[in-house]
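To start, the structure under review is shown below, and the notes come after it.
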Amino acid sequence: MATRNIHFVSEAPGGLPAEDVYADNLPSDGGEAPTADTLEGATATGKALMKATDAEAARTAIGAGTSSFSGSYNNLTDKPTIPTIPGNATSSAAGLMSASDKAKLDGIATGANNYSLPAAATGAIGGVRMAAHVASAAGDNVTAAEFEALLDALEAAGIVAGA
């Protein structure tokens, strides 16, 4: 096959050379047109890529292939385990607080669900009120009236049972 060489020079504004390109071993007039197989310096991969007729063939030529990934996390392999959200807490297991438990706690803060301390009784522990102040004994010996005043204050406060 007869070949020819071409030298191409383009000019940038102002008359300065911008491109200086050489094309060697081109077929002369009447010769065969170059093909991917006749290009000098092209690798087998480059030639296969130039001869690819569609995207799939081009991916195969460069070893890219295609992916069957659906986009779903469940289709991934070697993925990390994502922890599950725990259920509501129970008296024997840690967990999240239920909405009703949160409402009860909020109610304590607002007074809607305040705890009432039961009254003390002779057979049960409970809350007692502060007794009213009773004057100290006037002398070294407590009188019956002073003692009765103390008992009355304790009974009124619920500290001792009444007679």
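When 100, 116, 92, 136 are screened for being in a helix (DSSP H, G or I) and out of contact with any helix residue (DSSP H, G or I) (no Cβ under 8 Å at 6 or more places or on another chain), only 100 passes. Among the residues of region 63-79, is there at least one that is of a type in the set (A, V, I, L, M) and closer than 30 Å to residue 43 by Cα? Yes, because at least one residue in region 63-79 is of a type in the set (A, V, I, L, M) and closer than 30 Å to residue 43 by Cα.
Residues in region 21-52 that are in a loop (DSSP other than H, G, I, E, B) and either among the small types (Gly, Ala, Ser) or modelled with pLDDT of 80 or more (or both): 28, 30, 31, 33, 41, 42, 43, 52.
The values are calculated or read from the model by the stated rules, or taken from the named source; none is laboratory data. In this text the structure is predicted, and so the values were computed from the model without any measurement. Neighbour counts are summed over all protein chains in view; Cβ atoms, including those assigned to glycine, are modelled from backbone coordinates with ideal geometry.
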